[in-house]
Amino acid sequence: MDLAGTGRTATTAVEDITGVQHAVIDAFTPGWRHDPYRSYDILRAAGPFVPGPLGPSLVPGYAECDAILQNPAWSHAEESELLHPDSDVELPGSFLWMEPPDHTRLRGLVSKAFTPRRIEGMRGHAEQVVASLLERALADGEVDLVEALAYPLPLTMVCELLGVPASEHGAIRRMSAGIARGLDPDALMSPAELANRTAAVGEFLDFFGALVADRRARPRQDLISALAQVEAEDDRLTAAEMLGTLLVLVVAGHETTVNLISNGILALIRHPDQFELLRQTPGLALPAVDEMLRYDAPAQLTTRTARQEITLSGHTFAPGDSLILMLGSANRDPDAFTDPDRLDLTRYARRARVNRHLAFGLGLHYCIGASLVRLEVEVALRAIARRVSAITLLADPPPYRPNLVVRGMSELPVRLTAST
Ligand code: HEM
């Protein structure tokens, strides 16, 4: 498929072990969006490094993704150039796309907001938010679960953490959706989507610029006030870094969690035995979060670029060589996980050693929000286990958003039956 006359294609053809050619990545086909996992099987069988449609090779296997993420000789700083050569906006500096020492300095400032004590302190509020959303959804009976639960829960929690007033949730949602769509490679987006990203980033910078100024003048007990104080009082944080940090917290911290909740609930609908197990054993809610992350990763891919010559799995990479790490595929690698296509809520509850999933990345850039995600989704699953006896899918398959990097549904229409 020619992409908007660019001559680039979104399809990769690989030979499988029987020598048959398959077109395995076509981000425009609805069928692929519903289930990309069969095409990942073919990619893994094709070898550890498969030529990719956008230039960099694809890395579909667990062992290579795991090794690359843990090796700081692979940098994440080149992603913007790699995926967004057509960008006409300067995305402000965020530590997700930085390397030490700047990465270490900025991550250190933000990580104070994510200590286990602070996150555990958000449990009560998460329970209240989930209870009110779920009771409303049960009263309605037939709902779109993205709209009713998956979207509002993480939006409310991330806004609480940052200190964004509830009246602004709608604006945050609009900006964050435009920017999250823009995380996909430019080559996969239409001119209208690219323009929408430019507008969304501009709106984001104006909105948060004003909020930071307000908190600098009138500090409160929130993360923006804490960062504004650092920015004002010493030179550890520039104004651009401040906005870049907020951008990644809002977009990475929100859109991904929305998709974990909806992808996870869809997985429960498709595995009724596991839903019943969760209902009978609500204590499985926490390990279930990790199994859902493994089973259908919300962040499907990331990139790395070699900073020096590196040899891995028989290939030698030169400095500047880039790779696309397929986290969603690595998490379904049969060489790393027993029965990888089965949702098994007990997988991370057993004492036996199980490979960690790569849905939160690994190493230097390991997701800073992982404990907040586990808290929010555990609370949601516990409430569902207690209050819901059946979830019936009303559109099968449900519609997916076009996003490739942040994978998830645009709607999840269901009928909920309350437990008696
Ligand atoms: C299900 C939800 C989430 C998923 C699947 C997810 C996934 C990821 C992944 C894969 C990375 C590493 C990317 C790489 O190494 O290339 C990452 C980093 C990051 N995530 Fe998350 N994330 C989630 C939720 C959150 C939340 C709730 C927050 C904060 C509120 C957050 C903030 C960040 C930040 C700041 C980084 C950059 C860390 C660094 O570079 O040191 N994420 N996330």
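The values are calculated or read from the model by the stated rules, or taken from the named source; none is laboratory data. The structure presented is a predicted model; accordingly, all values stated were derived computationally and were not measured. Cβ atoms come from the backbone with ideal geometry, glycine included; neighbour counts cover every protein chain shown. Quick note on the areas: whole protein, heavy atoms, side chains included, nothing else; ligands and nucleic acids left out. Shrake-Rupley method; radii C 1.70, N 1.55, O 1.52, S 1.80 Å.
Among residues belonging to region 275-325 that are in a helix (DSSP H, G or I), open to solvent by 10 Å² or more (accessible area, probe 1.4 Å) and among the acidic types (D, E), point out the one that is farthest from the ligand (Cβ to nearest atom). The selected residue is E276.
Looking at this structure, is L381 hydrophobic (A, V, I, L, M, F, W, C), within 14 Å of the ligand (Cβ to nearest atom) and within 17 Å of the chain's Cα centre (by Cα)?
No; evaluated as a whole, the condition is false for this residue.
Please determine, by comparing only the residues of region 244-274 that are open to solvent by less than 10 Å² (accessible area, probe 1.4 Å) and hydroxyl-bearing (S, T, Y), which one is nearest to the ligand (Cβ to nearest atom). Ranking the qualifying residues of region 244-274, first place goes to T257. Just one of (1) under 21 Å from the mean Cα position of the chain (by Cα); (2) more than 16 Å from the ligand (Cβ to nearest atom) fails for V373. It is (2). Evaluated against (1) out of contact with any Pro (no Cβ under 8 Å at 6 or more places or on another chain); (2) more than 23 Å from E276 (Cα to Cα); (3) open to solvent by 40 Å² or more (accessible area, probe 1.4 Å), T392 falls short on exactly one condition, (2). Of everything in region 342-354 that is closer than 22 Å to A299 by Cβ and touching a helix residue (DSSP H, G or I) at 6+ places or on another chain (Cβ under 7 Å), the residue that is surrounded by the fewest Cβ atoms within 10 Å (Cβ to Cβ) is Y348.
Filtering region 108-122 to residues that are open to solvent by less than 60 Å² (accessible area, probe 1.4 Å) and either small (G, A, S) or closer than 13 Å to L223 by Cα (or both) leaves G108, L109, V110, S111, A113, F114, T115, I119.
Could you list, in sequence order, the residues of region 337-359 that are of a type outside the set (A, V, I, L, M, F, W, C) and over 23 Å from the mean Cα position of the chain (by Cα)? Across region 337-359, the qualifying residues are T338, D339, R350, R351, R353. When region 188-232 is limited to residues that are part of a loop (DSSP other than H, G, I, E, B) and within 24 Å of the chain's Cα centre (by Cα), the one that is surrounded by the fewest Cβ atoms within 10 Å (Cβ to Cβ) turns out to be S190. Applying the condition of being among the hydrophobic types (A, V, I, L, M, F, W, C), outside any loop (DSSP other than H, G, I, E, B) and in contact with a Leu (Cβ under 8 Å, 6 or more places away or on another chain) to region 360-379 and asking which residue is surrounded by the fewest Cβ atoms within 10 Å (Cβ to Cβ) yields L372.
Cβ-Cβ distances below 7 Å connect the following pairs, each with a first residue in region 351-378 that is over 24 Å from E99 (Cβ atoms) and free of Cβ contacts under 8 Å to residues at least 60 places away in the same chain, a second residue that is more than 6 Å from the ligand (Cβ to nearest atom) and open to solvent by 30 Å² or more (accessible area, probe 1.4 Å), and a separation of six or more residues or different chains: V354/Y348.
Just a yes or no: is a residue in region 152-172 over 20 Å from the mean Cα position of the chain (by Cα) and under 22 Å from Y400 (Cβ atoms)? No, region 152-172 has no match at all.
Restricting attention to region 74-101 and to residues that are loosely packed, with under 15 Cβ neighbours inside 10 Å and more than 19 Å from G361 (Cα to Cα), the residue that is modelled with the highest pLDDT turns out to be P101.
Among the residues of region 129-187, those identified as of a type in the set (D, E, K, R) and open to solvent by 10 Å² or more (accessible area, probe 1.4 Å) are E135, R136, D140, E142, D144, E147, E160, E168, R173, R174, R181. Any residue in region 298-315 that's farther than 23 Å from N331 by Cβ and at pLDDT 95 or above: show its pairings with residues that are charged (D, E, K, R) and open to solvent by 30 Å² or more (accessible area, probe 1.4 Å) at Cβ separation under 8 Å, as long as the two are six or more apart or on different chains. Close Cβ pairs satisfying both conditions: A306/D321.
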